[in-house]
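These notes concern the structure reproduced below.
The values are calculated or read from the model by the stated rules, or taken from the named source; none is laboratory data. This structure is a prediction, so every number in the text was calculated from the model and none was measured. Positions of Cβ are generated from backbone atoms using ideal geometry, with glycine treated the same way; all protein chains shown enter the neighbour counts. Accessible surface is based on the protein model in full, side chains and every heavy atom, while ligands, DNA and RNA are left aside. Shrake-Rupley method; radii C 1.70, N 1.55, O 1.52, S 1.80 Å.
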Amino acid sequence: MSTAICPGSFDPITVGHLSIIRRAASIFDNVVVCIMFNSTKISPMFTIEEKLDMACKAVADIPNVTVDTFSGLLVEYAKRYDKPVIVKGLRAASDFEYEFQMNLINKRLNPDIDTMFLPASEKYTFLSSSVVRELAHYGANLKGLVPDELIPFIEEKAKQWR
Ligand code: ADP
């Protein structure tokens with residue numbers, strides 16, 4: 001059984017994330033979307049429970065994908081699986097520099113765990129969770145950026161943040 005781990009902060013999950021998750025799900029037997037909440041990204045917009053709820057709804061139609069949360073080092077989380085592969089999406093050269101460094105750190109911590117990079121779809125190269133948060137803050141239309149069923153919740157949450 002091959003397992004991919006798609007880690008991230010998913011604050012919130014976007015259709016760009018989903019495109020990578022779906023592609024990973026067509027390559028691996030199982031995909032675990034792991035919502036990390038120890039990162040240096042301070043003051044997230046959504047609570048870990050809200051991120052989990054949104055991610056579960058977003059992947060509900062993909063049978064071999066599950067969602068989990070973890071606070072700690074990714075290599076520690078990865079020990080729960082047999083030879084998992086970390087799958088990351090790359091939007092731009094800046095993503096590459098950061099992700100390549102993370103891959104080297106993870107390799108140093110656990111040489112058995114490999115990372116696979118999938119290039120972002122051209123359609124979603126511009127898309128990040130921070131773009132969604134910014135647009136939501138100003139009341140812009142989120143259609144096509146996050147799954148439709150999440151839009152009312154994200155809009156409501158953004159209103160509370162204004
Ligand atoms: P963000 O960078 O949007 O805050 P995360 O930290 O949750 O997102 O990112 C988790 C992973 O998803 C990273 O590997 C990131 O490169 C990837 N990713 C994020 N947005 C996209 C996108 N639009 N297309 C492809 N991959 C993406």
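Scanning the range 98-107 finds one or more residues that are more than 9 Å from the ligand (Cβ to nearest atom), within 15 Å of Ala4 (Cβ to Cβ) and out of contact with any Gly (no Cβ under 9 Å at 6 or more places or on another chain). Does Thr66 qualify as being within 9 Å of the ligand (Cβ to nearest atom) and not acidic (Asp, Glu)? Spelling it out, it is not the case that Thr66 is within 9 Å of the ligand (Cβ to nearest atom) and not acidic (Asp, Glu). Scanning the range 30-41 for residues that are more than 9 Å from the ligand (Cβ to nearest atom) and of a type outside the set (Ser, Thr, Tyr) yields Asn30, Val31, Val32, Val33, Cys34, Phe37, Asn38. Taking the listed residues Pro44, Pro12, the one that is open to solvent by less than 40 Å² (accessible area, probe 1.4 Å), assigned to a loop (DSSP other than H, G, I, E, B) and more than 7 Å from the ligand (Cβ to nearest atom) is Pro12, with no other qualifying.
Within the range 17-29, not a single residue is outside any helix (DSSP H, G or I), modelled with pLDDT of 95 or more and within 13 Å of the ligand (Cβ to nearest atom).
Sub-7 Å Cβ pairs linking a first residue in the range 43-59 that is without any contact (Cβ under 8 Å) to a residue 24 or more places away in the chain to a second residue that is assigned to a loop (DSSP other than H, G, I, E, B), at least 6 apart or interchain, are Ile48/Phe37, ordered by first then second residue.
Does Lys83 satisfy being in contact (Cβ under 8 Å) with a residue 60 or more places away in the chain, open to solvent by 50 Å² or more (accessible area, probe 1.4 Å), of a type in the set (Lys, Arg) and closer than 21 Å to Arg23 by Cβ? Criteria met by Lys83.
Is it the case, given these coordinates, that Ile154 is touching a residue at least 40 places away in the same chain (Cβ under 8 Å), in a strand (DSSP E or B) and closer than 21 Å to Cys56 by Cβ? No; evaluated as a whole, the condition is false for this residue. Residues in the range 115-141 that are of a type in the set (A, V, I, L, M, F, W, C) and within 14 Å of the ligand (Cβ to nearest atom): Met116, Phe117, Leu118, Ala120, Phe126, Leu127, Val131, Val132, Leu135, Ala136.
Per the conditions (1) within 16 Å of the ligand (Cβ to nearest atom); (2) within 25 Å of Asp53 (Cα to Cα), the sole criterion not satisfied by Asp95 is (2).
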